[in-house]
Amino acid sequence: MTHRITLIPGDGIGPEVTAAAKRCIEATGVKVSWDIVLAGQEAKEKFGELLPQNVLDSIEKNKVALKGPIVTPIGDGFRSVNVAIRQQLDLYACLRPAKSYTGVKSLYRDIDLVVIRENSEDLYVGIEFQQGLKPTQDLISLIEKYSQKKIRPGSGISIKPISQYGSERIIRFAFEYALKNNRKKVTAVHKANIMKFTDGLFLKTAREVSKEYSGKVDFEEAIVDNMAMQLVSKPKNFDVLVLPNLYGDIISDLCAGLIGGLGIAPGANLGEDKAVFEAVHGSAPKYKGLNKVNPTAMILSGVLMLKYLDERIAAEKLENAVKEVIAEGKHVTYDLKPTPGDPSAVGTQEMSDAIIKKIK
Ligand code: NAD
């Protein structure tokens with residue numbers, strides 16, 4: 001069977017790492033027909049839009065996309081193309097596994113964590129009120145009237161909505177993921193002691209949903225600041241973490257740090273029937289076009305995609321090839337070498353060639 005997949009090269013290092021991932025996926029023998037569409041800076045230059053409608057239409061039609069990172073323009077009236085894709089297609093679950101690979105220099109070995117971040121709510125909905133404007137002053141007056149609390153004059157306001165519906169579906173997603181993937185424990189991460197009606201609702205919902213999985217998957221809860229400390233001191237105590245949007249973003253980068261950096265951290269954004277696979281890292285503009293950065297995070301996002309497509313053998317072959325190349329440590333990019341500036345580091349495409357050679 002041939003899979004029709006949307007490919008979004010993205011900005012900065014995006015085109016290089018997606019090209020590498022595309023070649024590696026094809027080398028597994030899986031048949032793919034790619035629908036290549038532009039979003040980000042190149043789309044803006046060619047079509048005058050950062051996120052043309054044909055990108056969303058292509059993902060709606062093909063149901064699966066592989067996406068390179070896209071720059072978030074500052075002050076362009078568009079908060080983030082990445083967030084817009086997730087929100088417009090209702091890709092509500094962000095899956096970010098953090099797994100140790102032998103050969104990567106990092107503080108820990110044998111880390112095997114999965115971060116599941118809620119993708120559609122929280123401070124990321126983008127409802128913000130700028131300091132000093134009339135609507136902001138009106139809103140502040142209204143809040144003061146209803147809350148009986150004072151807001152400092154000249155404040156900006158960001159809105160943080162968290163719903164029972166959004167919490168329930170992400171928490172259920174986390175438990176179902178744990179069941180299907182033989183995981184033992186789900187930890188719900190929150191700050192409900194301070195934000196009683198948003199994080200509090202998330203936590204209350206987590207406690208309720210967890211009862212349905214009692215005896216099958218363990219449940220525990222952790223306050224986000226304590227979670228950050230415990231992840232650094234005892235990361236092996238955790239298995240699957242489920243978090244509201246903002247904490248999920250921060251904690252998943254922390255987990256990428258536990259396994260040796262952004263160069264090897266893959267991700268997926270999943271909805272009911274659609275999925276967009278992308279690395280945790282951004283477009284690293286200073287490395288654009290240098291054939292320098294690590295393609296692993298994007299290739300491992302391709303592995304997640306192959307699993308999603310039920311191409312288990314191809315996924316395993318590709319992941320094993322990545323593992324071997326990293327463990328040998330010869331044909332790897334600068335970030336995987338033991339010392340900075342190591343002259344034996346290879347480029348993005350050379351590391352991908354080495355991975356392709358190992359695919360059996
Ligand atoms: P970044 O992840 O692009 O880069 C930070 C640093 O991490 C780089 O300077 C580099 O040292 C390292 N790094 C990143 N990817 C690497 C790789 N593949 N191999 C080796 N080292 C790597 O973060 P940033 O500089 O904060 O963001 C740059 C742009 O990307 C911003 O506009 C940001 O909004 C955007 N961004 C996009 C996404 C996405 O598309 N999903 C995610 C994060 C950031």
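Here is how the numbers come out for the structure above:
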quantity	calculated
Meets criteria (away from the ligand (no atom under 16 Å from the Cβ), part of a loop (DSSP other than H, G, I, E, B) and among the small types (Gly, Ala, Ser)) for Gly132	yes
Number of the exception - Ser344 against (1) hydroxyl-bearing (Ser, Thr, Tyr); (2) surrounded by 17 or more Cβ atoms within 10 Å (Cβ to Cβ); (3) without any contact (Cβ under 8 Å) to a residue 60 or more places away in the chain	(2)
Considering residues of the stretch 325-341 that are in contact (Cβ under 8 Å) with a residue 40 or more places away in the chain and part of a helix (DSSP H, G or I) only, the residue surrounded by the most Cβ atoms within 10 Å (Cβ to Cβ)	Leu336
Contacts under 6 angstrom Cβ, first residue in the stretch 43-71 being among the basic types (Lys, Arg), partner within 15 Å of the ligand (Cβ to nearest atom), 6 or more apart	Lys44/Leu50; Lys67/Ile8; Lys67/Val276; Lys67/Glu278
Candidate set: the stretch 44-84, residues that are outside any loop (DSSP other than H, G, I, E, B) and among the charged types (D, E, K, R); chosen: the one nearest to the ligand (Cβ to nearest atom)	Lys67
Residue selected from the stretch 283-332 under the condition touching a strand residue (DSSP E or B) at 6+ places or on another chain (Cβ under 6 Å) and hydroxyl-bearing (Ser, Thr, Tyr), by the criterion farthest from Pro266 (Cα to Cα)	Tyr308
Residues satisfying the stated conditions in the stretch 276-301, i.e. on the phi > 0 side of the Ramachandran plot and surrounded by 18 or more Cβ atoms within 10 Å (Cβ to Cβ)	Ala284
Among the residues listed as Leu113, Leu107, Leu91, the single one being more than 15 Å from the ligand (Cβ to nearest atom) and surrounded by fewer than 22 Cβ atoms within 10 Å (Cβ to Cβ)	Leu107
Residue under evaluation Ala256, criteria (1) closer than 28 Å to Thr198 by Cα; (2) in contact with an Asp or Glu (Cβ under 8 Å, 6 or more places away or on another chain), criterion not met	(2)
Some residue of the stretch 47-64 being of a type outside the set (S, T, N, Q), surrounded by fewer than 13 Cβ atoms within 10 Å (Cβ to Cβ) and within 30 Å of Lys357 (Cβ to Cβ)	no
Near pairs, Cβ below 6 angstrom, 6+ apart or cross-chain, from the stretch 1-25 (more than 14 Å from Gly68 (Cα to Cα)) to any residue that is away from the ligand (no atom under 13 Å from the Cβ) and outside any helix (DSSP H, G or I)	Thr2/Lys31; Thr2/Ser33; His3/Val32; His3/Leu309; Arg4/Ser33
Residue match in the stretch 110-127 (condition: in contact with a Gly (Cβ under 7 Å, 6 or more places away or on another chain) and of a type in the set (Ser, Thr, Tyr))	yes
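For every residue, the table says whether it meets (1) under 27 Å from Ala19 (Cα atoms); (2) in contact with a helix residue (DSSP H, G or I) (Cβ under 7 Å, 6 or more places away or on another chain); (3) modelled with pLDDT of 95 or more.
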position	(1), (2), (3)
Leu66	yes, yes, yes
Gly77	no, no, no
Ala93	yes, yes, yes
Pro135	no, no, yes
Leu142	no, no, yes
Lys145	no, no, yes
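The values are calculated or read from the model by the stated rules, or taken from the named source; none is laboratory data. Since the structure is predicted, the reported quantities are computational estimates derived from the model, not experimental observations. With ideal geometry, Cβ positions are generated from the backbone for all residues, glycine too; neighbour counts draw on all protein chains shown.
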